[in-house]
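Encoded as structure tokens, the structure appears first; notes follow it.
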Amino acid sequence: MLVNGQWVENWQPVQATDQEGGFVRQTSSFRHWITSDGQAGVTGEAGFQAEKGRYHVYIALICPWASRTLIARELKGLSDIISVSVVEPKLTDFGWRFGHEFSADTDDINHKTYMHEIYTLADLQFTGRATVPVLWDKKRQTIVNNESADIVRMLNQGFGELADAHYDLYPIHLQAEIDDLNAEIYQKLNNGVYRAGFATTQIAYEHAVMDVFAMLEHLEQRLAYSHYLFGDHFTETDIRLFVTLIRFDVAYHGLFKCNIKQLCQYPHLSRYVKAILALPKIAQTVNMEHIKQGYYSIKSLNPLGIVPVGPQLDFPL
């Protein structure tokens, strides 16, 4: 991580734990918003007006949080408006690295080698982990935002006529319900698999894994009567759920010890994943080899770096 702009130690997945030994995720640091008129958003300062070609997003295809932003970018028709760079999947001792392995890119915007160098470009004294996604402003040479939830909402709402209006990922009439379900899915499933995988005590692990499968059972029942989580309306909550489900059998079931059941044992959740993959350009945001290489490079969980051959997935990728 970075301390006052200096890299001080090898990358570690767990930077903080709670009293039970559970994994605690770092809070995002940059919280500005792109808006159609450049006015300030919910947090941060003004001056980030929506413009074609001005913004760039740094992502990792392994990372579900970063993949949220990539999916939103595709669904909102912003692939020609916002450029993108993909880091290599294998986490190095210096964090995310740019390069050529497994569909990754070099950094053609700022010409850096590591993601943490992008953070110090924005703040020479930055302290914290250099996470993805990062939404970068080419004009002001700074980070706009590094919180995936914020980025998805500004891609949905902040680009006005530059964006495709076909998908409204956060419609007004569903916002309260979306916020409630987002919070539950995040705690029990999105972050729940990480709480299980990076738990440092048995009790923390067991509490996390029970949350994961209680949430999966609840969602399986909900989707028995609904195409998406809110009927026929595809929302940001579906993106949040999809990015965890698509990684479940290849990473979380084995490496993170969430092995009570596989996703393929949930017929409604499996149908749901296939339906989302059939949406325009969603399948191209998923790279299973990149995902497997990334997760199984985490030394604290897989010190020898051996990547499993399976599992065989019943998804049209």
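The values are calculated or read from the model by the stated rules, or taken from the named source; none is laboratory data. Values in this document were obtained by computation on a predicted structure and should not be read as measured data. Quick reminder, even Gly has a Cβ in these numbers, built from the backbone with ideal geometry, and neighbours come from all protein chains shown. Accessible surface areas use protein heavy atoms only, side chains included; no ligands, DNA or RNA. Shrake-Rupley method; radii C 1.70, N 1.55, O 1.52, S 1.80 Å.
Looking at the chain, which longest stretch skips every one of the GluC sites (Glu not before Pro) that is in a DSSP loop with at most 12 other Cβ atoms within 10 Å, leaving the sites themselves out? Could the numbers behind the result be given before it?
Numbers: sites that count: Glu9, Glu45.
Result, exposed sites excluded: 46-317.
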Hand me the tally of lysine pairs in region 61-162: alpha carbons under 22 angstrom apart, and the pair either on different chains or 8 or more positions apart. 4
Just by accessible area at a 1.4 angstrom probe, what is the order of Lys90, Lys299 from largest to smallest? Lys299, Lys90
Report, to the nearest whole %, how much of the accessible area of region 179-299 belongs to carbon and sulfur atoms, 1.4 Å probe, protein only. 53 percent
Apply the Karplus parameterisation 6.51 cos²θ - 1.76 cosθ + 1.60, with θ equal to phi minus 60°, to every residue of region 248-259 and state each ³J(HN,Hα) to the nearest whole Hz, in sequence, with x for glycine and proline. 5, 6, 7, 10, 6, 4, x, 5, 9, 6, 8, 10
Full-extension gain in nm, Gln6 to Gln175, via 0.36 nm per residue minus C-alpha separation: 56.8 nm
Quick one: putting +1 on the C-beta of Lys and Arg, -1 on the C-beta of Asp and Glu, what dipole do you get for the chain around its Cα centre, in Debye to the nearest 20? 480 debye
For Gln49 and Phe315, what does the FRET efficiency come to when R0 = 51 Å and r is the distance between their Cβ atoms, rounded to the nearest 0.05? 0.85
Exposure rank, largest accessible area first [Trp65, Trp7; 1.4 Å]: Trp7, Trp65
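Test of the criteria: in region 198-242, which chymotrypsin sites (Phe, Trp or Tyr not before Pro) are in a DSSP loop and have at most 11 other Cβ atoms within 10 angstrom of their Cβ? Please report the intermediate quantities before stating the final value.
Working: sites: Phe198, Tyr205, Phe213, Tyr225, Tyr228, Phe230, Phe234, Phe242; in loops: Phe198, Tyr225, Phe234.
Those that pass, being in a loop and sparsely packed, are Tyr225.
Over region 168-296, with the other protein chains present, what is the accessible area per residue in square angstrom, probe 1.4 angstrom?
For region 168-296, the per-residue accessible area is 38 Å².
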Quick one: ranking Leu78, Leu279 by accessible area, 1.4 Å probe, largest first, what do you get? Leu279, Leu78
Taking 7 Å along the Cα-to-C-beta vector as the label spot, tell me the Glu184-Ala275 distance in nanometres, rounded to one decimal. 1.8 nm
Once the in-chain neighbours fewer than 8 apart are removed, the aspartates and glutamates whose Cα is under 14 Å from Lys257 read Glu206, Asp211, Asp249
Test of understanding: what is the full-extension gain from Leu121 to Ser103, defined as 0.36 nm times their sequence separation minus their Cα-Cα distance? 4.0 nm
